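Structure, as structure tokens:
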Amino acid sequence: LISIIIGPICFLIILYAEQILLVWTEDKNIVNTISPTLKLYASGYGLLVFGAFPYYLQFGIGKLKLHIIGSLIFVTLLLPFLWFFVTNYNMIGAGYAWLLVSGIYFILMPLIVHNSYFRGLHFKWLIQDIFKVLFLPLAFLLLSKMFFLDSSRLFIFLQLVFMFLLSVLLAFLSSRDF
């Protein structure tokens, strides 16, 4: 269920950050300034949400040692990366730091937890619960960019809502739990 909702939300923000910010603020200066950072944060949060799945498995079996270690490593990496990237690249640097550390966490933490407690689950999880569910919504949102019409705030908003709802439906239909 999380993949069905979070994936389309993240993809929509990543691919349509400018339109979302324009509907929200009506200020092109804010759109141009904030949208690159918003895309990085949405990407990082998406990876972090999916990287958190192993926590639920660990919680379910009552073994949270790897979660505590992983969280401590996450913070230990994030703080110096934030300092470096923000110092050198300002606001967008924070987005790069967040995406980088969240990406590292997503790549390593599920693999470690699955190999420690649930051998053979990792690639099945990636394929069945992540890639299979998110492929069609991502393809739809990418193709939608060719047909997106910039006009009034209301029309842009309605297009975004329609695309979100349709991408959630596509994710739902793609899930093996259908």
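The values are calculated or read from the model by the stated rules, or taken from the named source; none is laboratory data. In this text the structure is predicted, and so the values were computed from the model without any measurement. Cβ placement follows ideal geometry from the backbone for every residue including glycine, while neighbour counts extend to all protein chains displayed. These accessible areas exclude ligands, DNA and RNA; they are computed on the full protein's heavy atoms, side chains included. Shrake-Rupley method; radii C 1.70, N 1.55, O 1.52, S 1.80 Å.
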Quiz item: Tell me which lysines have Cα within less than 18 Å of Lys145's Cα, excluding those fewer than 8 residues away on the same chain?
Solution: Lys39
Quiz item: How about Lys63: which lysines have a C-alpha closer than 24 Å to its C-alpha, ignoring those fewer than 8 places off in the same chain?
Solution: Lys124
Quiz prompt | 3J(HN,Hα) from dihedral phi, the stretch 127-143, Karplus parametrisation 6.51/-1.76/1.60, rounded to Hz, x for glycine, proline | solution = 6, 6, 9, 10, 4, 4, 6, 9, 4, 5, x, 5, 4, 4, 5, 5, 5
Exercise. Please provide three numbers in whole Å: the alpha-carbon extents of the stretch 11-108 along the principal axes, with the largest listed first.
Key: 49, 29, 18
Practice problem: Grab the other residues whose beta carbon is less than 11 angstrom from that of Ile156, score K and R as +1, D and E as -1, and report the net. | Solution: -2
Quiz item: Averaged per residue, what accessible area in Å² does the chain show with a 1.4 Å probe, protein chains only?
Solution: 58 Å²
Quiz item: Where the accessible area of the chain is counted over protein heavy atoms with a 1.4 Å probe, how much of it, in %, is carbon and sulfur?
Solution: 75 percent
Quiz item: Taking only DSSP H segments of four or more residues, each worth -39500 (n - 2.57), what value at 222 nm results for the chain once the sum is divided by all its residues, to the nearest 500 deg cm²/dmol?
Solution: -28000 deg cm²/dmol
Quiz item: So what's the chain giving for Cα Rg divided by 2.2 N^0.38 Å, two decimals?
Solution: 1.14
Self-check item: Tensor-based shape of the stretch 61-132 (alpha-carbon gyration tensor, a/c under 1.5 rounded, otherwise prolate or oblate)
Solution: oblate
Quiz item: Mean separation of Cα pairs under 8 Å and 6+ residues apart, divided by the residue count of the chain: what relative contact order is that in percent?
Solution: 32 percent
Exercise. Report, to the nearest 10°, how far helix 153-174 tilts away from the longest principal axis of the Cα atoms in the chain, using its own Cα long axis and a range of 0 to 90°.
Key: 30 degrees
Exercise. Using only the alpha carbons of the stretch 40-96, determine the length spanned along each of the three principal axes and report them from longest to shortest in whole angstroms.
Key: 42, 21, 7
Quiz prompt | Cα centroid separation, the stretch 40-63 to the stretch 132-169 (Å) | solution = 26 Å
